[in-house]
Amino acid sequence: MATDSWAQAVDEQEAAAESIGNLQINEKDDKLNAAANGAKTEGDGVKTEDEDKDDKAAQSLLNKLIRSNLVNTTNQVEVLQRDPSSPLYSVKSFEELRLKPQLLQGVYALGFNRPSKIQETALPMMLAEPPQNLIAQSQSGTGKTAAFVLAMLSHVDPENKWPQCLCVSPTYELALQTGKVIEQMGKFYPEVQLVYAIRGNKLERGTKLQEQIVIGTPGTVLDWCQKLKFIEPRKIKVFVLDEADVMIATQGHQDQSIRIQRMLPKTCQMLLFSATFEDTVWNFAKRIVPDPNIIKLKREEETLDTIKQYFVICNSKEEKFQALCNIYGAITIAQAMIFCHTRKTAGWLAGELSREGHQVALLSGEMQVEQRAAVIERFRDGKEKVLVTTNVCARGIDVEQVSVVINFDLPVDRDGNPDNETYLHRIGRTGRFGKRGLAINMVDSRFSMNILNRIQEHFNKKIEKLDTDDLDEIEKIAN
Ligand SMILES: Nc1ncnc2c1ncn2[C@@H]1O[C@H](COP(=O)(O)OP(=O)(O)OP(=O)(O)O)[C@@H](O)[C@H]1O
């Protein structure tokens, strides 16, 4: 097969895999959303823009799950105060915030020693009296969730047995994830209770909620406020809209969120968080949050500076597998991520590696988001040492924790050109003090050699040749 048609064939195969994967996830989500939000389901089998957008929520969830630490950033926050003449407070310790002792205990129990960059400025603003509104944007993993959870817990009056804080998240899974943070941080503050306004949580008609914090998806929260009246919106003191960029990408959520916001009192503190800030997010943010303070933290650029890059020449996938075994035989690899171009190759490779006795996790296009989340959690917890995945599956996932990345197939776009952005994202690291990493690229044709050369030129960084039959040479790369 000529290289061009080979490239096209794999692209087509992968594209098919992608749409099947998406359809399954979305079909399920649609049904669930329909149940929760009264949305319409259209299963016409065509990949629509909405399905693409739905991926954002899945990516965001998977990213949260794979990460166990704060994202390092050397950038400074940009602050735009509603009242520029008022002093700007920033804290370097949690003590300075005069938190309730139970909450301080919760923060330390989570292993937080000091506020993150965004928390340094966001927390004093959110905890100020009178309450201030805030729009905050910073990339995923910089401590936004922990910040607003702390703000909600601080503002609650545990004596009052009714909902006082309302937090909306784009999906069921993301709401559960944030709920977990509330539960952990509020561990030593048992008087404060939390309830999930999500599909499946059916309450009896006439119920008046006693929990002080409600977290849920926009459709259910709206129903609970408006139709079912489980919540009295006029008693809400803090309203949080999380993941605004994911929210606006989901049909109907924007309107529902605005309708919820309109039911809240003028005095309610409005807080909105987003990982990205395009105009659409900004326009939405301004409708949700009147008179806001604004905090932005620029995304840390990824670089290849701290990465050692190699390539290995092989003639077939079997040879690539053998090269991989040689590498594993020569150096100790704590955890590795291996990227394949198609689901078929990924499945085959995972099988071969497990036959060799490796503990392998496979992330594949046909899995539903919950299954993918479970795989990622097991990998993050170190239950498996190798994660084999297709690019489609791993798109957008931060792999900063993983020290070795293997491109079993090099990333190419649909036109068969090098996908430099994906290459950088797969193996790059953020921050000047980012951990050192090792990247190994498998080359198995003139086509892939050409791709490798073009990637090398693009980044102006040499990718060294590695002979995987020479054990001494392999050993050297680990030092
Ligand atoms: N001050 C802190 N010190 C140490 N770790 C922290 C601190 N704040 C948050 N973390 C941890 O860092 C990780 C990312 O935090 P968090 O989830 O709040 O970020 P985020 O910006 O909300 O990201 P995402 O949008 O993906 O949820 C979490 O594992 C969290 O427990």
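The table for this structure:
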item	result
Gain on full stretching of the segment that runs from Ala109 to Gln81 - 0.36 nm per residue minus C-alpha separation	6.9 nm
Per-pair calculated FRET efficiency, R0 = 25 Å: Gln184 and Ala374 via Cβ, rounded to 0.05	0.80
In order through the range 114-122: 3J(HN,Hα) via Karplus (6.51 cos²θ - 1.76 cosθ + 1.60), integer Hz, x for Gly, Pro	8, x, 6, 3, 6, 5, 3, 9, 5
Contact order relative to length of the range 216-366, as percent, for alpha carbon pairs under 8 angstrom and 6 or more apart	17 percent
Charged-residue dipole, Cβ positions (Lys, Arg, Asp, Glu), the range 307-478 about Cα centre, Debye nearest 20	460 debye
Sequence-separation-based contact order of the range 322-479, relative, with Cα cut under 8 Å and 6+ spacing, percent	27 percent
Distant-in-sequence amide H partners of Gln164 (H built 1.01 Å from N, under 5 Å)	Ile213, Val214
Residues Lys92 and Asn201, FRET efficiency given R0 of 45 Å [Cβ-Cβ distance, rounded to 0.05]	0.65
Förster-model FRET efficiency, 25 Å R0, Asn69 and Glu464, C-beta, rounded to 0.05	0.25
For the chain, calculated [θ]222 nm from helices alone, where every DSSP H run of n ≥ 4 adds -39500 (n - 2.57)	-13000 deg cm²/dmol
For the chain: accessible area per residue (Å², 1.4 Å)	46 Å²
Electrostatic dipole magnitude of the range 70-297 [Cβ: Lys, Arg +1; Asp, Glu -1; Cα centre; debye, to 20]	500 debye
Antiparallel %, DSSP beta bridges [both residues in the range 307-478], to 5	5 percent
The chain - percent relative contact order, Cα under 8 Å, separation 6 or more	20 percent
Candidate residues Met263, Met247: accessible-area rank, largest first, probe 1.4 Å	Met263, Met247
Unit charges at the beta carbon, dipole of the chain: most positive-side option, Ser448, Phe148, Leu438	Phe148
Heavy-atom accessible surface of the range 307-478: percent carbon and sulfur, 1.4 Å	44 percent
Estimated distance in nm for a label pair at Arg436 and Met449, the labels positioned 7 Å out from Cα along Cα-to-Cβ	3.0 nm
Distant-in-sequence amide H partners of Ile307 (H built 1.01 Å from N, under 5 Å)	Gly437
Cβ charges +1 (Lys, Arg) and -1 (Asp, Glu), total dipole of the chain, debye	1920 debye
C-alpha center-to-center spacing [the range 174-235, the range 79-93] in angstrom	31 Å
Surface share of carbon and sulfur [accessible, 1.4 angstrom probe, percent] for the range 70-297	50 percent
Potential lengthening between Thr303 and Lys235 on full extension [0.36 nm per residue; Cα-Cα distance subtracted]	19.7 nm
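The values are calculated or read from the model by the stated rules, or taken from the named source; none is laboratory data. All values reported here derive from a predicted model rather than from experimental measurement. Quick reminder, even Gly has a Cβ in these numbers, built from the backbone with ideal geometry, and neighbours come from all protein chains shown. We work out accessible area using only protein heavy atoms, side chains counted, and drop any ligands, DNA or RNA first. Shrake-Rupley method; radii C 1.70, N 1.55, O 1.52, S 1.80 Å.
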